[in-house]
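Here is the structure we will look at.
The values are calculated or read from the model by the stated rules, or taken from the named source; none is laboratory data. Because the structure is a prediction, the values reported are computed rather than measured. Cβ placement follows ideal geometry from the backbone for every residue including glycine, while neighbour counts extend to all protein chains displayed. Note: areas computed on protein heavy atoms with side chains; ligands, DNA, RNA excluded. Shrake-Rupley method; radii C 1.70, N 1.55, O 1.52, S 1.80 Å.
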Amino acid sequence: MTTLITVVEERDYPGHVPTGPVGRRLAARLLAAGQPTRVLAPPAETAGWPPGTDIVVGDVARPGEVPAAFAGIERMFLAGALPGTVREAVTLARQGGVQRIAVLSSHGPDFEIEFEPESWYWLAIEVVVERSGARWTHLQPSPIMSQTLREGYPRSRANLAAAIRAGEVIREPYPDSTCPFLDEDDLAAIAMAALFEDGYAGQTLTVHGEPISLREQLRLIGQALGRDIPLAEQTPEQAAEHARGQGLAAEEIEQWLAARAAWAANPEDPDYRRWLGLGIATVTRVLGRPPRSYAEWLADQVDVFG
């Protein structure tokens, strides 16, 4: 039977992993394994899928508009769901025959559990899936490496790839703070394991790669391009002023800088070190090898920066 992958347009929500890059890698793996593959995607996300993908135009956030997308499926990679409509999506999937669901979640549930259920986002989605009767696995990844090509969480407020192509000076606060980026293809491979292998049902898998700083990213990109990429470290005040000039709201700027400051402080935090070790160990256990490094991922992406 068919595996359904849901994807949505990119969102600037803390902890949101772009669904398109992961979904396309998962579709490629499914089709290579001879598995019928269907994708539920909005119009902006219908291009770039491997040949043989059955594409249904729609939105997992409005599942009632496309009930046929959920018919005749055995497995579902649920990405981009919203708390308000996830129950409807999961109900349709169960009626359509789904037996296994892998949820593309976030590290958000670890924090949301401390607050009232009305404020839950990621945790609300996880709970609905857990109560569905399907065999479930939650994937809680760190940011994926393709997020270094886009604006927003967790790093730059500018498009890094576009700035490098234009020869601009990269101006950022906390350039030596590190973040454990995960190769999106590694995440897709873990999703395959959750959907097809025994032993992961009823588990939450914390998964990520080795941490890397923006300074080291730029060094590796410059090395691959054969030129230096200029970096100017900003103070938080300078970064806030620049962001205001780009039209960002004061609340957005405050949240962004707070997140950056937290990442900068994390390496010395014992809880962070345990979380980091858990995520790397999980990837290694599921895939039978360590997570791919940023340098390995970059070898396949360097043309984006040229």
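Residue-normalised convex hull volume from the C-alpha trace of the range 219-306: 159 Å³ per residue.
What's the angle, to the nearest 10 degrees (0 to 90), between helix 184-196's Cα axis and the longest principal axis of the chain? Its long axis makes an angle of about 20 degrees. Rolling a 1.4 Å probe over the protein heavy atoms of the range 46-91, with every protein chain left in place, gives an accessible area that is 56 percent carbon and sulfur. Rounded to the nearest 10 degrees, the angle from helix 86-95 to the longest Cα principal axis of the chain is 40 degrees. Surface listing: GLU197, GLU118 arranged by accessible area from highest to lowest gives GLU118, GLU197, probe 1.4 Å. With protein chains left intact and a 1.4 Å probe, residues in the chain average 44 Å² of accessible area per residue. Stretching GLN246 away from GLN95 to a fully extended chain increases their span by 49.7 nm, per 0.36 nm per residue minus the current alpha-carbon distance. Residues whose amide H falls under 5 Å from that of ILE170, counting only those 5 or more places apart or on a different chain, are LEU231, ALA232, with hydrogens built in the peptide plane.
Computed over neighbours whose Cβ is under 13 Å from that of GLY133, the net charge equals +4, Lys and Arg +1, Asp and Glu -1. Checking (i) 55, 44, 37; (ii) 94, 51, 39; (iii) 82, 47, 31 against Cα extents along the principal axes in Å calculated from these atoms, the matching label is (i). Taking R0 as 35 Å, what's the FRET efficiency between VAL127 and ALA47 from their Cβ-Cβ distance, rounded to 0.05? E between VAL127 and ALA47, to the nearest 0.05, is 0.55. Per residue, the chain reaches -11500 deg cm²/dmol at 222 nm when only DSSP H runs of four or more residues are counted, each adding -39500 (n - 2.57). Principal-axis analysis of the Cα atoms of the chain puts helix 270-287 at an angle of about 50° to the longest axis.
Among PRO143, PRO21, PRO83, the largest mean-square fluctuation in a Gaussian network model of the chain (Cα springs under 10 Å) belongs to PRO83.
Among ARG150, ARG285, ARG62, the largest mean-square fluctuation in a Gaussian network model of the chain (Cα springs under 10 Å) belongs to ARG285.
Comparing ILE280, ILE113, ILE73 in a Gaussian network model of the chain where C-alpha atoms under 10 Å apart are linked, the largest mean-square fluctuation is found at ILE113.
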